[in-house]
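Here's the structure we're looking at; comments come further down.
The values are calculated or read from the model by the stated rules, or taken from the named source; none is laboratory data. Keep in mind the model is a prediction, meaning the values are calculated, not measured. Note that each Cβ is placed from the backbone with ideal geometry, even for glycine, and that neighbours are counted across all protein chains shown. Keep in mind that these areas ignore ligands, DNA and RNA; they rest on the heavy atoms of the full protein, side chains included. Shrake-Rupley method; radii C 1.70, N 1.55, O 1.52, S 1.80 Å.
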Amino acid sequence: MLQPGEYIKDIFQMPVGTSVTARGWVKTKRDSKGISFIQLNDGSVFTDLQVVIDADVVPEETMQLVTTGSCISVEGDLVESPAKGQAVELKGKSVEVHGSADPATYPLQKKGASMEFLREIAHLRPRSNTFGAVFRLRHAASYAIHKFFQERGFIWVHTPVITASDAEGAGAMFGVTTLDLMNLPRTEDRGIDWTKDFFGKQAYLTVSGQLEGETFAEALSNIYTFGPTFRAENSNTPRHLAEFWMVEPEMAFCDLDDDRHLAEDFLKYIIAYVVDTRMDDLEFFNNRIDNTVLETLEHVANSDFEHITYTETIEILEKANRGWEFPVKWGVDLQSEHERYITEEVFKKPVVVTDYPKEIKAFYMRMNDDGKTVRAMDVLLPRIGEIIGGSQREERHDVLVEKIESMGLPLEAYWWYLELRKYGSVPHAGFGLGLERMIMYLTGMKNIRDVIPFPRTPGNAEF
RNA sequence: UCCUCAGUAGCUCAGUUGGUUAGAGCAUCUGACUGUUAAUCAGAGGGUCGUAGGUUCGAGUCCUACCUGAGGAGCCA
């Protein structure tokens, strides 16, 4: 395996004259009479290492196996490059071919592939410039997320992937069962007898670790979850996945204002970290994917997020001199067209909308004194839409019981959640960030399926 | 799930009001070239025009259904 100091990114840092071995996959090879140029990449850095092979140095039959997509090791000396385009290059003395790649059938060419085509060869697309950059950036952002929370004393909690509670009713859930679907055990009234199932009750893949996260916040104070999350909605859009990664911090002794400011600091921190550490990849995105990426990140890092209430938002939308496809009035949920107008045209920066009508938000959000709105917040970004949804949670036992009952939810299913309000309850708040939407924002990638290694969407679970 | 658009060579696309033998660039193969970097130059091979029906003397082109993909909407992160 490659040891620290042996990656191509390390080779670029070495002094001219160093004898090195570079390993990686061949992007392209160009032959002239008496000389060959190989672009070699091991994924550690955006820039390829140019390998130069003079005629007769390496056997002809070996060089014939060095084709686009093949995997090789090259031993040689790092030299100053006489040509423009790179400062240094590797003067190869010997080449070992680990795995060849038949040029007639290797599907990943050096130019002209669409994102849709690359998605069909998801097992090979990490070798492309674009996807190498996407996944290095995804890694950097993930690392920044851990770093941000740990610098603030947050504990990372591993909430379960399998759950038996239909948590917050946040969308359709995937069932988890070991029952024989061709021969289901039946109850007397011809329903399915879930007591015979693996967990003795109906189980699902989690749609959120929040409720479990709250239990840990009321013991370890500041916590966060970071892991996969599942939604069985039949959503076919560039912004939805059936399996995606979510970050959910939960803080005791915290109200919605603290929550909102943490969300803003959080987003700015991630941006600052990737700008600091992955500028090479960001420049590629800016040049080839979306030429507003750098400007936008700069702008967000240096501007305060706008904060308005839902009620104020409705007033702005009502005053807007335009026809809405979905009519605006107090009480309706904000539509994509409304969110875009607010972030892209009115404020032209991230906007936090708070205090939504209680009817359109989840049961656990804290009731305001007006009796009509709850302490909810959505962070809206230009182009992306909602990237963070959060709230201050209802910490008053009697209010929460009343809320659960009024929404027709089964009180007994929430017995442990309610006990948190009976024993040592405290004001607390949190939010959820969709990792992939953040990566879309950072990279300028237009489709969420292109910022996760192997996207799961309705009708697609290949690889 | 609904609406709209698209599907032609390995990839990216052109193909006129329906009319002879299906077009280009890239990729691949062969050859040329001593510093290329989207290398260049010359030549060659490569097609069930998404699938199944239908209309017509004749369909890549028109009609129907289905499949696949994309964009928009809803749901949301």
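Couple of notes before you dig in:
- A count restricted to region A:188-200 and to residues that are surrounded by 12 or more Cβ atoms within 10 Å (Cβ to Cβ) and either assigned to a loop (DSSP other than H, G, I, E, B) or within 25 Å of the chain's Cα centre (by Cα) (or both) stands at 4.
- Unique match (being of a type in the set (Phe, Trp, Tyr), over 30 Å from A:Phe198 (Cβ atoms) and more than 11 Å from RNA strand B (Cβ to nearest atom)) among A:Phe154, A:Phe117: A:Phe154
- Selected residue [assigned to a loop (DSSP other than H, G, I, E, B), touching a strand residue (DSSP E or B) at 6+ places or on another chain (Cβ under 6 Å) and open to solvent by less than 40 Å² (accessible area, probe 1.4 Å)] from A:Gly331, A:Gly390: A:Gly331
- When residues of region A:202-229 are limited to those that are open to solvent by less than 20 Å² (accessible area, probe 1.4 Å), within 17 Å of A:Gly175 (Cβ to Cβ) and not in a loop (DSSP other than H, G, I, E, B), the one farthest from RNA strand B (Cβ to nearest atom): A:Ala203
- All positions within region A:12-63 that are in a loop (DSSP other than H, G, I, E, B), crowded, with 16+ Cβ neighbours inside 10 Å and in contact with a strand residue (DSSP E or B) (Cβ under 7 Å, 6 or more places away or on another chain): A:Asp42, A:Asp48, A:Val57, A:Val58
- For A:Tyr106, the criteria (1) more than 28 Å from A:Arg278 (Cα to Cα); (2) open to solvent by 90 Å² or more (accessible area, probe 1.4 Å) hold in every case but one, which is (2).
- Within region A:338-387, being closer than 20 Å to A:Val207 by Cβ, assigned to a strand (DSSP E or B) and hydrophobic (A, V, I, L, M, F, W, C) holds for A:Met365, A:Val374, A:Ala376, A:Met377, A:Val379, A:Ile387.
- Residues of region A:274-310 classified as touching a strand residue (DSSP E or B) at 6+ places or on another chain (Cβ under 7 Å) and away from RNA strand B (no atom under 16 Å from the Cβ), total: 4
- Some residue of region A:70-85 being more than 8 Å from RNA strand B (Cβ to nearest atom), modelled with pLDDT under 95 and over 30 Å from A:Arg288 (Cβ atoms): no
- A:Asp180 being open to solvent by 40 Å² or more (accessible area, probe 1.4 Å), closer than 30 Å to A:Lys201 by Cα and not basic (Lys, Arg): yes
- Filtering region A:414-463 to residues that are touching a Pro at 6+ places or on another chain (Cβ under 8 Å), within 16 Å of A:Arg239 (Cβ to Cβ) and not in a helix (DSSP H, G or I) leaves A:Lys446, A:Asn447.
Condition check ((1) of a type in the set (D, E, K, R); (2) open to solvent by less than 20 Å² (accessible area, probe 1.4 Å); (3) in contact (Cβ under 8 Å) with a residue 12 or more places away in the chain; (4) in a loop (DSSP other than H, G, I, E, B)) across all residues:
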| site | (1), (2), (3), (4) |
| --- | --- |
| A:Pro238 | no, no, yes, yes |
| A:Asp258 | yes, no, yes, no |
| A:Lys268 | yes, no, yes, no |
| A:Ala272 | no, no, yes, no |
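- Residue within region A:271-281 that is in contact with a Lys or Arg (Cβ under 6 Å, 6 or more places away or on another chain) and of a type in the set (Gly, Ala, Ser) present: no
- Pairs, first free of Cβ contacts under 8 Å to residues at least 40 places away in the same chain in region A:1-27, second part of a loop (DSSP other than H, G, I, E, B) and surrounded by 14 or more Cβ atoms within 10 Å (Cβ to Cβ), C-beta under 8 Å, six or more apart: A:Tyr7/A:Asp42; A:Tyr7/A:Ser44; A:Tyr7/A:Val45; A:Lys9/A:Ser44; A:Lys9/A:Val45; A:Asp10/A:Ser44
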